[in-house]
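Everything below concerns the one structure shown next.
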Amino acid sequence: MERSSELYARAKELMPGGVNSPIRACLSVECEPLFIKKGDGAVLTTEDGRTYIDFVEGWGPMLLGHAHPDVTKAIQESAANSSCFGAPCLAEVELAEMIVDAMPGVDMLRMVSSGTEATMTALRLARGYTGRSKFIKFIGNYHGHGDPFLAAAGSGFADLAIPGTPGVPSGTVQDTLLVPYNDIEAVRKQFEANGDEISCVIVEPMAGNMGVIPPAEGFLQGLRDVCDQYGALLIFDEVITGFRLSYGGAQKRFGVTPDLTTLGKIIGGGMPVGAYGGKREIMDCVAPTGNIFQAGTNSGNPVVMAAGIATLKVLQNADYDALEARVAAFAKELHAIIASKGVDVTYNTIASMFTLFFTNEKVTHFEHAKACNAKMYASYYQQMRAQGIYLASLGLEAAMVSFAHTDEHFEKALAAARNVKF
Ligand code: PMP
């Protein structure tokens, strides 16, 4: 990996840790990052000229695989007409219509340029709309790097918010109420104690940032009910799940409609994007109709919108059920192979995502996920990568599968797993 190594050395002089987003540095798997030159379907080629079967998919946007011809064509055609207007354009209306048609909880929306912006603004909107400051966040859910979301709870302080990173003043997270995922009783207790001060509950309706953890039976409906009871808003952060769990996202799949929805990743077809949307009466509070401010030079960027439209058009006719069945069979077999080596390992899977957890306990919330053996994952990662399988560089992330993955790709990954030694 000489060329990647050489580039990494140069990058480290220029960017903190040599990367533009920390997880890419591969520190927890004790490797150097690979520098990617090209992606085609489910296959990545590095600057070293090596190829890898990709189970990261850009951390979620590339559900169609890399460089899908329709998406590439849309980007090229749009870019030929300029890459930024800072003015309304047809494509943003078309993409907004497609999203509104697909998602039961979205009557209106606003495009932004990242998931982080989407969640930050959704929280501002919920606070402005309700006139309340506190909000509930689930431990282990990730909503981007907006300050109020960067609260972590030390063991034994599960409901005390403390800043999870230097630079976030404690005042910024004092209104963040932390609750274990899938624990509706803990949510109810928070409402009993603080009900008239809670603006909203924000939740990954299927957790994807502590490994894949599906919602427990009744959990999302329980959130809906308790929010209604106390006049708080329910926000589904569908940055990962939107157009992945089903074409209409987690809300369509689980039949629970949030007040606000945040989106990102897939709706930009790999281009930088985010969006937040919801009930008309709430969205009308956003400037210029209302007085809650949010703006962006590149919001609704024409090239990004074109990539999103092209992606959703393909997805409208895609067979999500068939992909889910293939991924379920693949994840089951992969788990069986690794388990046969005598290590503690379990797995969760839903739609086109799965996670192998190196632990013997069923994983339903963050404490379980945190108990996984990170060294074991690092060893698995390194051995798979050496055999041309590109996995997430952190154990507590989801493996992503695309519509471009073939049975041959799965077979190669399973064959590599058979060679792994612990
Ligand atoms: N919410 C969720 C659920 C996410 O998974 C992410 C990113 N992985 C974000 C928000 C932040 O999105 P972005 O990285 O585009 O800022």
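Key figures
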item	result
Ranked by how many other beta carbons lie within 10 Å on average, peptides 206-214, 294-302, 376-384 from highest	206-214, 376-384, 294-302
Calculated FRET efficiency for the pair residue 185/residue 133, C-beta based, R₀ 25 Å, to 0.05	0.60
Mean Cα-pair separation over length for the range 69-316, i.e. relative contact order, pairs under 8 Å, 6 or more apart, %	31 percent
Counting DSSP beta bridges with both ends in the chain, the antiparallel % (nearest 5)	60 percent
Loop-exposed trypsin sites (Lys or Arg not before Pro) per DSSP, neighbour cap 11 Cβ within 10 angstrom, longest uninterrupted part of the chain	1-361
Length-normalised contact order for the chain - Cα pairs under 8 Å, 6+ apart - percent	22 percent
5 angstrom amide H check on residue 207, placed H, neighbours 5+ away	213
The chain: Cys lacking any partner C-beta under 4.7 angstrom	84, 89, 200, 227, 285, 372
Partner lysines for residue 279 [C-alpha distance under 23 Å; skip if fewer than 8 residues away on the same chain]	134, 137, 252, 265
Estimated vicinal HN-Hα couplings, Hz - the range 78-91 in sequence order (Karplus 6.51, -1.76, 1.60; Gly, Pro = x)	5, 4, 5, 9, 4, 9, 7, 10, x, 8, x, 9, 4, 4
Count of lysine pairs in the range 290-420 with Cα separation under 28 Å (8 or more residues apart, or interchain)	13
Length-normalised contact order of the range 1-42 in % [C-alpha pairs under 8 Å, at least 6 apart]	37 percent
Cα-projected label distance for residue 70 with residue 216, points at 7 Å along beta-carbon direction, nm	4.0 nm
GluC sites (Glu not before Pro) restricted to DSSP loop in the range 318-400 with at most 16 other C-beta within 10 Å	361
Per-pair calculated FRET efficiency, R0 = 22 Å: residue 297 and residue 45 via Cβ, rounded to 0.05	0.10
Burial ranking of peptide ranges 354-360, 143-149 (average Cβ count within 10 Å, highest at the top)	354-360, 143-149
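Read-outs throughout are calculated quantities, based only on the coordinates presented, and are distinct from any laboratory measurement. Because the structure is a prediction, the values reported are computed rather than measured. Using ideal geometry, Cβ is built from the backbone for each residue, glycine included, and neighbour counts are taken over all protein chains shown.
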